């Protein structure tokens, strides 16, 4: 088991290294000269050369990449002498636009994305699993058909569209909720909750729809398994059969999906955050893409990759506990 | 002394509604089984033999219409609700299914799956139930049962899993055991072991057994009485002796002809021509 863990973590680190290499190469090759971007419109060639030297942009690709990795692990400093700028590990460089440390930009925005992800996850797990189960048990009834229609809507309607409709109905027409504002939980808990409620609902609607359909299919498939017939033939009570024999096989695959989805959301929900003006990692990514702010794009990409890759590792480890067939072969 | 037989089936008809009108999967089936005896039900796929056994267990799909009578120790089973059937399933009538590979839940240890059958009828502590389970596993000759009780189904071979299914069926000492093609998915040597085991356990417990199969060679080894079914009808009935020595129905004769015979000079030729 320890060996298995070690192997999984090592391979995850390997994947992350590859991702960092590819993203770095893409930005290195495809983007316009960062020195020009930093320097602005009124700029002398001397100043550009100076910036190049300070950021190490005059070095070959491999040297730059190596410096980037070293900065990530051990920190680095740009330039030498008294004008050198220190960048503590994990160093992702400085924004070309604001000169702010990318690491600080991300860590200051991360709580917003995490709040969004956790709140939405609670909602979509409840609605998705609950709705899917009910639909499976009441298969073919009006409830089932209605719920699956709604779920189809949740899957096919784009996030921003649902967000706009929700805002129009709840804020403009019914005036149940105030316009979302950036407010800390400590300042005004009610307003905080009201501001997050719509983004939570929008995100949760899409995911819950997917989960409900998956859970419904899984439960129906499991109910048709031979071991369900065995359970009935033993004379077990119906609730026990459902709880013990149907739920676990049906819900175990949901763990995989949830691990991936949740990890992906921790890396920022681009559209939802942008539509609701939530200052999270997703909005940071969208803004930096619009402004071609390479260090920031690089930073949020790596963060998202980190979450997805380690989300995967955690799911795999969980699986060895949840599915006895995996447990044995992994030894 | 007049005793009620263990199982009496009278004029059992099972009908399913379909898009093109109702279809009878079993028509007017009558049979009697006493304790300590084995009734073989023989027929091809779709002949209604499995449907009959599911009707005894109350496990037919909810769309099925059942008429006629099934009496277990004089107690009428037709028309019972699912809840009422629960006290019969496992406790009075137990079933061993065709496919031992998929009949056990892969997520739970075999010990737990036998234990829950026992405890849902008899209650008691897990510790007490575990002793019963261990005993049942030993009776079906699982080697090293004390360790194997905590293993998962995928850690057992097909034949072993069928033994576990039998242990599950026997732990409550049912009066009637229904074995629905219990050896079909197993290879021939394992098949013989399972048949021996079933016969032996039946002698120990004195239960009645319904043995469903499409294989006349198998049924000849276990059953005293035989029903031959085709398309929902009983086409022939009698003792094993009668059926094998003097089959009346053309269908039975064709089934018998399909058996390999040691005294058939053309056997070899037919085998190669296939």
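The values are calculated or read from the model by the stated rules, or taken from the named source; none is laboratory data. Since the structure is predicted, the reported quantities are computational estimates derived from the model, not experimental observations. Cβ: placed from backbone, ideal geometry, glycine included. Neighbour counts: every protein chain shown.
Take the conditions closer than 18 Å to residue A:95 by Cβ, in the same structural domain as residue A:131 (by TED's automatic domain parsing) and crowded, with 19+ Cβ neighbours inside 10 Å and apply them to residue A:272. Does it pass? The answer is no for residue A:272.
Please state which one of B:51, B:95 is touching a strand residue (DSSP E or B) at 6+ places or on another chain (Cβ under 6 Å) and assigned to a helix (DSSP H, G or I).
Just one listed residue meets the conditions, B:51.
Assigned to a loop (DSSP other than H, G, I, E, B) and surrounded by 18 or more Cβ atoms within 10 Å (Cβ to Cβ), is that true of residue A:68? It is false that residue A:68 is assigned to a loop (DSSP other than H, G, I, E, B) and surrounded by 18 or more Cβ atoms within 10 Å (Cβ to Cβ). Residues of the range B:11-48 that are assigned to a loop (DSSP other than H, G, I, E, B) and either without any contact (Cβ under 8 Å) to a residue 40 or more places away in the chain or surrounded by fewer than 14 Cβ atoms within 10 Å (Cβ to Cβ) (or both): B:19, B:20, B:44, B:45, B:46. Of B:54, B:60, all but one fail to be within 17 Å of the chain's Cα centre (by Cα), under 26 Å from residue B:115 (Cα atoms), within 12 Å of another protein chain (Cβ to nearest Cβ) and free of Cβ contacts under 8 Å to residues at least 12 places away in the same chain; the exception is B:54.
Just checking, does the range A:8-16 include any residue being assigned to a helix (DSSP H, G or I) and in contact with a strand residue (DSSP E or B) (Cβ under 7 Å, 6 or more places away or on another chain)? No, the conditions are met nowhere in the range A:8-16. In this structure, residue B:112 does not satisfy being within 14 Å of chain A (Cβ to nearest Cβ) and touching a strand residue (DSSP E or B) at 6+ places or on another chain (Cβ under 9 Å).
When B:129, B:146, B:217 are screened for being surrounded by fewer than 17 Cβ atoms within 10 Å (Cβ to Cβ) and modelled with pLDDT of 90 or more, only B:146 passes.
The single condition from (1) modelled with pLDDT of 80 or more; (2) surrounded by 12 or more Cβ atoms within 10 Å (Cβ to Cβ); (3) within 29 Å of the chain's Cα centre (by Cα) that residue A:49 fails is (3).
Residues of the range A:186-199 that are exposed (fewer than 12 other Cβ atoms within 10 Å of the Cβ) and either assigned to a helix (DSSP H, G or I) or not assigned by TED's automatic domain parsing to the domain that holds residue A:276 (or both): A:189, A:190.
Looking across A:183, A:202, one residue alone is part of a helix (DSSP H, G or I), in contact with a helix residue (DSSP H, G or I) (Cβ under 9 Å, 6 or more places away or on another chain) and crowded, with 16+ Cβ neighbours inside 10 Å. It is A:202. Tell me, yes or no, whether the range A:229-240 has at least one residue that is free of Cβ contacts under 8 Å to residues at least 24 places away in the same chain, closer than 18 Å to residue A:129 by Cβ, surrounded by fewer than 24 Cβ atoms within 10 Å (Cβ to Cβ) and more than 8 Å from chain B (Cβ to nearest Cβ). The answer is yes, given that some residue of the range A:229-240 is free of Cβ contacts under 8 Å to residues at least 24 places away in the same chain, closer than 18 Å to residue A:129 by Cβ, surrounded by fewer than 24 Cβ atoms within 10 Å (Cβ to Cβ) and more than 8 Å from chain B (Cβ to nearest Cβ).
Residue count for the range A:93-132 under the criterion of being in contact (Cβ under 8 Å) with a residue 24 or more places away in the chain and assigned to a loop (DSSP other than H, G, I, E, B): the result is 4. Reported count of residues in the range B:67-88, each being within 11 Å of chain A (Cβ to nearest Cβ) and either in a loop (DSSP other than H, G, I, E, B) or touching a strand residue (DSSP E or B) at 6+ places or on another chain (Cβ under 8 Å) (or both), is 2.
Inclusion of residue A:265 among residues that are in a helix (DSSP H, G or I), in the same structural domain as residue A:159 (by TED's automatic domain parsing), within 30 Å of residue B:178 (Cα to Cα) and at pLDDT 90 or above is not warranted. Criterion first (more than 26 Å from residue B:155 (Cβ to Cβ) and touching a residue at least 12 places away in the same chain (Cβ under 8 Å)) does residue A:322 satisfy it? No; evaluated as a whole, the condition is false for this residue. State whether the residues of the range B:114-124 include one that is in contact (Cβ under 8 Å) with a residue 40 or more places away in the chain, in a loop (DSSP other than H, G, I, E, B) and surrounded by fewer than 21 Cβ atoms within 10 Å (Cβ to Cβ). Checked against the condition, which is being in contact (Cβ under 8 Å) with a residue 40 or more places away in the chain, in a loop (DSSP other than H, G, I, E, B) and surrounded by fewer than 21 Cβ atoms within 10 Å (Cβ to Cβ), the range B:114-124 yields no hits at all.
Taken residue by residue, the range B:120-139 has no member that is within 11 Å of another protein chain (Cβ to nearest Cβ), more than 23 Å from residue B:174 (Cα to Cα) and under 22 Å from the mean Cα position of the chain (by Cα).
Considering every residue within the range A:306-317, establish whether at least one is away from chain B (no Cβ under 14 Å), modelled with pLDDT under 90 and assigned to a helix (DSSP H, G or I).
yes
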